[in-house]
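Here's the structure, in structure tokens; my notes come after.
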Amino acid sequence: MSDTAALKARRERLLGRNMSLFYSDPVHIVRGEGVWLYDADGRRYLDCYNNVPHVGHCHPRVVEAIARQASTLNTHTRYLHEGILDYVERLTATFDRRLDTAILTCTGSEANDIALRMAQAVTGKTGVIATDHTYHGNTTAVSQLSTRMPPVGGFSGHVRHVPAPDSYRPLGGTPGDAFSAAVAKAIADLQESPFGFSALIIDPFFANEGFPDLPEGFLDATVAAVRKAGGVVIADEVQPGFGRTGGHMWGHQKAGIVPDIVTLGKPMGNGHPIGGVVAGSDTLNAFRQAFRYFNTFGGNPVSCAAAMAVLDVIDDEALIDNAREVGAYAKAGLDRLRHKHDVIGDIRGSGLFFGAELVLDREKKTPATDLATRVVNGMRERGVLMGKLGIHQNATKIRPPMPFSRENADLMLSTLDDVLSGL
Ligand code: PMP
């Protein structure tokens, strides 16, 4: 048996079946540095996928911050410690001044779980609206929001799904109006139900939905409808947050809205497990009053040190500017490939989160879902790691660590050109 086959068999025996694994020929990574990953044979891969090592794999400043704090103190949050305070102060300074308090967690799922309960505490209602192609996490409560895998026993009645915005195959009408009309209808429906209307939860960049290109002000009417109905807006920043989209620290800032609650995760600790919920103090205090909440590991000194180092590096290495510049450069390169390869139907995204939607027929926009899988595997064979996502699972997902350079983009583009030429 090959090493890969043996590891796969061992993984399945110890961790169970159906645990997701990328690529038809899985990669056995043993080391990372910056935008590069190295496998067990020493082969180097350009990482165009991973947003968790936000400031680069094993960034020395994050590693040093973790090591320093881990060798000084690590404990839960029932003692006084400056680490969590300094971090929350620094973090909330990047938000609208109304969003001035935070709860720290270990994952994005926990953060969204808290956000839903905060909305309950504020409104006294439980009904939630989400898009029909979203993902907000893995707890019992938040997995009710995802349509991909219906929960055992079916969906409970308090969730309404609205069609995810799709700039390539729009629903018709003005995009913002179509979305806000669907949300208004769902609000009315919940208000008629025993659950009432509590919250709209969206990723303001709609990353898992395939990051549609949306006009300025797209969410304005939707946010107004939510507020008019006495509900709260939850912005899930697990994907677009920390400057990923270039030019803005937060996806909701790019979308031009101020949410009531913001949730954070993935990139926050550069791989160290830390997430969080940011909200106004009234909202947070209402939650603390309605629910007794303690999280053993959330906000521990080591996690806060890692997260603080991430903010330092984002600033010191001007990574948000880099995301804007290199993202625009790479997107322009993809556009050139579109003129050469008919299979590229649409190019979308912002900053270092972009990709191409692959189609079998440009006129009919027929999703090339299987072909997208072949492209992703072909890239992996040639040493470039990326993924796919979207409503039809046919959009390439390019979301590299933030120090991604123009040279890295050139390598990604020339490899993609090769793969598409060989189809
Ligand atoms: N929200 C969004 C938008 C996500 O994409 C994810 C994870 N992919 C989560 C929440 C859940 O985060 P975690 O896996 O850290 O629980």
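Note on the range 24-107: the alpha carbon radius of gyration divided by the globular reference 2.2 N^0.38 Å gives 1.47. Ligands, DNA and RNA are left out, and with a 1.4 angstrom probe the accessible area of the chain is 44 Å² per residue.
Just the protein heavy atoms count here, and of the accessible area of the chain at 1.4 Å, carbon and sulfur take up 51 percent.
Name the residue, out of Ser146, Ser109, Ser193, whose mean-square fluctuation peaks in a Gaussian network model built on the chain with Cα pairs under 10 Å. Highest fluctuation among the options: Ser193.
Note on exposure: His136, His161 ranked by accessible area (1.4 Å probe, complete protein assembly) read His161, His136, with the most exposed listed first. Rounded to the nearest 20, the size of the Cβ-charge dipole of the chain about its Cα centre is 860 debye, with Lys and Arg at +1 and Asp and Glu at -1.
Put Thr77, Thr123 in order of accessible area, largest first, 1.4 Å probe: what do you get?
Thr77, Thr123
Ile66 sits with roughly 50 Å² accessible to a 1.4 Å probe, with DNA, RNA and ligands left out of the calculation. Here the Karplus relation 6.51 cos²θ - 1.76 cosθ + 1.60, evaluated at θ = phi - 60°, turns the backbone of the range 125-140 into coupling constants of 10, 10, x, 10, 10, 9, 7, 7, 10, 9, 8, 10, x, 10, 6, 4 Hz, with x for every Gly and Pro.
For an R0 of 30 angstrom, estimate the FRET efficiency from the Cβ-Cβ distance between His339 and Glu381 and round to the nearest 0.05.
Efficiency, from the Cβ-Cβ distance: 0.75.
If you wrap the range 1-46 in the convex hull of its Cα atoms and look at it from every side, the mean projected area works out to 3.8 nm².
All alpha carbon pair distances within the chain were sorted into 10 Å bins beginning at 0; the resulting P(r) in whole percents reads 5, 21, 31, 27, 14, 2, 0.
Starting from 0.36 nm per residue, how many nanometres of slack lie between Leu423 and Asn18 once their C-alpha separation is accounted for? Value of the extension gain: 142.9 nm.
Here each label is just a point 7 Å from Cα along the line to Cβ, and for Leu80 and Thr366 those points are 7.0 nm apart.
Between the residues Ile320, Gly349, Ala102, the greatest Cα displacement towards the positive end of the dipole of the chain, with unit charges on the Cβ of Lys, Arg, Asp and Glu, is found for Ala102.
Shape summary: the range 319-399 maps onto an equivalent ellipsoid whose semi-axes, from the alpha-carbon gyration tensor, are 21, 15, 11 Å in decreasing order. Label reach from Ser156 (point 7 Å along Cα→C-beta): in the range 125-146, amide nitrogens under 19 Å belong to 125-131, 135-146.
Taking θ as phi - 60° and the Karplus parameters 6.51, -1.76 and 1.60, the scalar couplings of the range 272-280 work out to 6, x, 9, x, x, 10, 10, 7, x Hz in sequence order, x denoting glycine and proline. Hydrophobic long helices, here whole DSSP H runs in the chain with Kyte-Doolittle means of at least -1.0 and Cα atoms spread over 24 Å or more along the helix axis, are found at 175-192, 319-340.
The values are calculated or read from the model by the stated rules, or taken from the named source; none is laboratory data. All values reported here derive from a predicted model rather than from experimental measurement. Because the Cβ atoms are built from the backbone with ideal geometry, glycine has one as well, and the counts that use them run over all protein chains shown. For accessibility, only protein heavy atoms count, side chains too; no ligands or nucleic acids. Shrake-Rupley method; radii C 1.70, N 1.55, O 1.52, S 1.80 Å.
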